[in-house]
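Trainee: Below you'll find the structure I mean.
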Amino acid sequence: MKITNRNNIPTTIADAMAKAQARYSKGESWMSVTGLQRPPRISILSKKNWNKLEEDVSDSVWKLFGTTMHNILEDGESSSNSLIKEERFFGDFLGKKISGAVDLQEITDFGIEIGDYKVTKAISVMKNSFSIPSWTQQLNAYAELCQVNKGLPITRLYICAFVRDHSPREAERNPDYPQSPIHILEIDRWTREQRVTWIEDKVRMHETAELIDETTGDPPPCTREDRWERGDKYAVKASADSTRAKKVFTIKDEAVAYASENSKWIIEERLAEPIRCQSYCEVSKFCNQYKEMKNEKKR
């Protein structure tokens, strides 16, 4: 992948980005936990087009900031012998070696507490955040790798979030808002059976995708969830030419019931946008699925 600098940001920042990218390694494993979490289509297209991919420094400032924070925290001294920082574990699942780097472990009399650092927005650590399910998967997979390697139970999982857009005023007004720029978010712990099942399901999914790609030359399509399509809406309009809707619903049956009040009213289906494809997917320009979606929308 090539690091670009379209906005002429100081070269020291661009160089730091390149070095951070070069340092990343999943170790001697088939795939990392974060790799398992990626949609197989993105992983495969990324491997195929790695030398053509570009990432601009200005688009990756928070990724660099997160890397910097990790490095600073890894170098920090601790007076406690029970704390272990940045340790990579390996485990075998269905014949595939999976790895995961755990930011922080604390050994207690009851087992191991696992923490992970995140540089993120306030909304990500609040109730019903779209980030929490992904973090829950990640930390429970780490928990399984840690327990496999150390033979000790995992008693706690948590995120130590550095909230980059923290607002003291909002914290005072809203009790559900993170009350500090450094926010601790407790993560639900799965059973060992749930952890192993999740990892093995992901291994099978990626193996199958690779086989399909080898056979057909194209990996399986991303799902709506993979594309971050959320919130289809149904607008009830007086006619197809109306510029404004009478009412907008998130449940189709409710829109149908409302539209039945007048035989001339119509329902306009407004499908959610593929947010990941549009703004966050590194391989979208190499993806036939996304190109077809855009072409269909133009028709």
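Trainee: Hey, can you tell me all the residues within segment 57-91 that are in contact with a Phe, Trp or Tyr (Cβ under 9 Å, 6 or more places away or on another chain) and either modelled with pLDDT of 70 or more or part of a loop (DSSP other than H, G, I, E, B) (or both)?
Mentor: Once the filter is applied, which keeps residues that are in contact with a Phe, Trp or Tyr (Cβ under 9 Å, 6 or more places away or on another chain) and either modelled with pLDDT of 70 or more or part of a loop (DSSP other than H, G, I, E, B) (or both), segment 57-91 yields Phe65, Gly66, Thr67, Met69, Phe89.
Trainee: Anything in segment 221-237 that is part of a loop (DSSP other than H, G, I, E, B) and either of a type in the set (D, E, K, R) or exposed (fewer than 14 other Cβ atoms within 10 Å of the Cβ) (or both)? List them, or say none.
Mentor: Thr223, Arg224, Glu225, Asp226, Arg227, Glu229, Arg230, Gly231, Asp232
Trainee: Same structure, new question: Conditions first: (1) under 20 Å from the mean Cα position of the chain (by Cα); (2) in a helix (DSSP H, G or I). Asn149 passes all but one, so which condition is the exception?
Mentor: (1)
Trainee: If you check Leu152, Leu139, which single one turns out to be modelled with pLDDT of 95 or more, surrounded by fewer than 20 Cβ atoms within 10 Å (Cβ to Cβ), touching a strand residue (DSSP E or B) at 6+ places or on another chain (Cβ under 8 Å) and of a type in the set (A, V, I, L, M)?
Mentor: Selected residue: Leu152, the only one of Leu152, Leu139 that is modelled with pLDDT of 95 or more, surrounded by fewer than 20 Cβ atoms within 10 Å (Cβ to Cβ), touching a strand residue (DSSP E or B) at 6+ places or on another chain (Cβ under 8 Å) and of a type in the set (A, V, I, L, M).
Trainee: Determine which single condition Glu225 fails, assuming it passes every other condition in (1) without any contact (Cβ under 8 Å) to a residue 12 or more places away in the chain; (2) farther than 28 Å from Lys291 by Cα.
Mentor: Glu225 satisfies every listed condition except (2).
Trainee: Does segment 206-222 hold any residues that are farther than 11 Å from Arg41 by Cβ and of a type in the set (A, V, I, L, M, F, W, C), and which are they?
Mentor: Leu211
To keep it simple, each residue is scored yes or no on (1) within 24 Å of Ser167 (Cα to Cα); (2) crowded, with 16+ Cβ neighbours inside 10 Å; (3) aromatic (Phe, Trp, Tyr).
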{"site": "Asp103", "(1), (2), (3)": "no, yes, no"}
{"site": "Phe110", "(1), (2), (3)": "no, no, yes"}
{"site": "Val119", "(1), (2), (3)": "yes, yes, no"}
{"site": "Lys127", "(1), (2), (3)": "yes, no, no"}
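Trainee: Could you check Met1 against (1) in contact with an Asp or Glu (Cβ under 8 Å, 6 or more places away or on another chain); (2) modelled with pLDDT of 90 or more and say which number it fails?
Mentor: Among (1) in contact with an Asp or Glu (Cβ under 8 Å, 6 or more places away or on another chain); (2) modelled with pLDDT of 90 or more, the lone unmet condition for Met1 is (2).
Trainee: Looking for whichever is surrounded by fewer than 14 Cβ atoms within 10 Å (Cβ to Cβ), within 30 Å of Gln278 (Cα to Cα) and out of contact with any Phe, Trp or Tyr (no Cβ under 8 Å at 6 or more places or on another chain) here; the options are Asp218, Asp188, Asp213, Asp201. Which one fits?
Mentor: Asp201
Trainee: Between residues in segment 250-261 that are without any contact (Cβ under 8 Å) to a residue 60 or more places away in the chain and residues that are among the β-branched types (Val, Ile, Thr), which pairs lie under 6 Å by C-beta distance while being six or more apart or on different chains?
Mentor: So the pair list comes out as Ala255/Val236; Ala255/Ile267; Tyr258/Val236; Ala259/Val236; Ala259/Ile267.
Trainee: Among what's in segment 117-146 and is in a strand (DSSP E or B) and closer than 19 Å to Ser32 by Cα, pick the residue that is nearest to the chain's Cα centre (by Cα).
Mentor: Here the answer is Lys118.
Trainee: In segment 171-185, what count of residues is obtained for those that are exposed (fewer than 14 other Cβ atoms within 10 Å of the Cβ) and outside any loop (DSSP other than H, G, I, E, B)?
Mentor: Count: 4.
The values are calculated or read from the model by the stated rules, or taken from the named source; none is laboratory data. Values in this document were obtained by computation on a predicted structure and should not be read as measured data. Neighbour counts are summed over all protein chains in view; Cβ atoms, including those assigned to glycine, are modelled from backbone coordinates with ideal geometry.
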